[in-house]
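S.K.: Let me begin by handing over the structure; questions about it come next.
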Amino acid sequence: MVPATPQSRRSKTVPPRQPPFRFSLVAAGALAVLGGAFSLWMLHNQRHQALQASTITQTLRQDHALGVPTSAIRPLSQELAHIQHARILFIPSLYLGGLTRAPEELSHLRAVSAHLLSQNTRYERRIALQWASRLIHTEGRFATVNETQAAQSIAHAPLSRVIRTSEAWRAQYRDWQHALHELSTIAGGLSHGRPNQVSRELDALDARLSSVGPYWNGVAQARSASTEAKAYLNLPPPQEVAQYHQISRTLRQALAGLEPPTTTELSHILSQIGGGLVNHQPRDVTEALSSLEDKLQQANAAWTGYGAAQAAVDTASQYLKGPLVSEIREHPAVLDQLQAALRGLTPPAPPLQSGNPFGAAFQQYLAGRLSEVSVAVYNANTGITSTYNPGIRYDTASIVKATIMATLLWQAERAGRPLTADAQALMVPMIEQSSNSAATLLWNAAGGASGIGQFLDQAGMANTIPGEGGYWGLTLTTPLDQVKLLKLLSYPNPLLDAASQAYAANLMDNVVSFEDWGVSTGPVPGSTVALKNGWLPIGSNGWEINSIGHVSGDGRNYVVAILSRNNPTESYGIQTVDAVSQFIWNAE
């Protein structure tokens, strides 16, 4: 009998094993299922987390496009990149879902990025308003907005505009600060925000201007520089910096240019305002003074204006002894006083001679005068024409300007048109100011002696002969012919209509003050006097002094022509004509 071996004994006691390939198959199947599930789980996590990361990335890009600065976006982008690249062993954290902090970190990052735009907008608004406040405080009175307006301008603005506005305010603030610093440096400091040097130079110039006379050299330039500097001091500092050197140089030059006038310069000024110089004195004052002194020699205390005339002589005599500067300054007042005294110095009114202006008193007056006088007067109330020496012809001098005016009005009416614009422009200086140059132009416009002659024929002025060769002032006339002219200008007639008469009366009623003599002497205040005067020196035969016009008022209505010659001086002739006019007013 063969003894049993250990192997045989074991085989008998141990149950038979399962085949090993069956266990491996089950394990492999389980692992495959688990691996597939794990892979699906990780893929789900990756997709979900990747979607969140994409959303965050898109939000950050949009914020950047809307103006969120890179400095605010970069940390979030870096944090996102860190989450995306984080790994556990070799597996990205995004695949492991809740097994890591990646989902929580992405959620937090997404929440932060979602509020990034609004947070930055609020932040940038605060920064912008800080710059606005600094700028407004620095600009002071030059600020274009206040803090409330600044806040309103960006309250609902998008971030990009808020940032641009903030940058603009900041740049403007820095420009102002730089300008103030530079202005303070170049101008020796600031006083109330204004450059000290310019302020001092302006004060010096104004002080000098207040102490100089109006005829100093450089006064106009200095005043202009002062005005320019005062405007400069109201400019914003950046503009003050740009213009500083120019304005400072202008002020210094203006101050240096202020110099007192020389004697030669003052004499030239006096000559200009006085119509020339006679023995270094203004011609118009010396001539007016001489005329007034001549008139005073023939007057006495009974004359109207005698005291005022003496006072005017005294004033003018003292004036002519004064310094040139005083003569220039006082010239208008002294000349006006002399001319007023000349007009106001009149003889006592002759006794009334109702209806006869040329009675005994009139003839007695003329018997004591050197003047040769002819007069004609037409009383519209009675229809009577009175004359004195009517047959003598006289040179018209400037009274012919009324004939020139009447001729042009008659020619315009005959042509069925108004006066030309050129004629109207010249008519005013010819009649109101007795302009000779205007008279020459209008004489020629009327056709010269030929054109004037045609009107004279129509007017029945047979004794009036137009001056030849353009010498209109040498036209010859009689007082009766001048009365015919005045009747055409004053009363209804077939040659001149009411409109032409009104036009002429308006001009003759507004002559300049130095023509306020002659037929205007006598009429009481409130009367209307339309006149034209003329005066002409004729060598050894003295002066011809003439006055014509229409007088109405105080129950009177007449036209008068007073012609005179052989007057030794102009003022003597005016005095004679004034007295004749007074006789006529009293009689008519």
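S.K.: Please give the contour-minus-distance gain from residue 149 to residue 367: 0.36 nm per residue of separation, less the Cα-Cα distance, rounded to one decimal in nm.
M.R.: Here the segment from residue 149 to residue 367 would lengthen by 69.1 nm.
S.K.: Pick out, in residue order, every one of the trypsin sites (Lys or Arg not before Pro) in the range 199-301 that is DSSP loop and has at most 10 other C-beta atoms within 10 Å; say none if there are none.
M.R.: For trypsin sites (Lys or Arg not before Pro) across the range 199-301 that sit outside H, G, I, E and B with at most 10 neighbouring Cβ atoms in 10 Å, the list is empty.
S.K.: Relative to the present Cα-Cα distance, how much length would full extension add between residue 167 and residue 498 at 0.36 nm per residue of separation?
M.R.: 111.3 nm
S.K.: With +1 on each Lys and Arg Cβ and -1 on each Asp and Glu Cβ, and nothing else charged, work out how big the dipole of the range 165-257 is about its Cα centre, in Debye to the nearest 20. List each step's numbers first, then the result.
M.R.: Numbers: 9 positive and 8 negative charges, 36 e Å.
Computed about the Cα centre, the dipole is about 180 debye.
S.K.: Apply the Karplus parameterisation 6.51 cos²θ - 1.76 cosθ + 1.60, with θ equal to phi minus 60°, to every residue of the range 446-452 and state each ³J(HN,Hα) to the nearest whole Hz, in sequence, with x for glycine and proline.
M.R.: 7, x, x, 4, 5, x, 5
S.K.: Relative contact order for the range 220-326: what percent, with Cα pairs under 8 Å and sequence separation of 6 or more?
M.R.: Reported as a whole number, the value is 18 percent.
Here, each number is a calculation from the coordinates, and none is a lab measurement. As the structure is a prediction and not an experimental result, all values here were calculated from the model. Cβ coordinates were reconstructed from backbone atoms using ideal geometry, including for glycine residues, and neighbour counts include every protein chain displayed.
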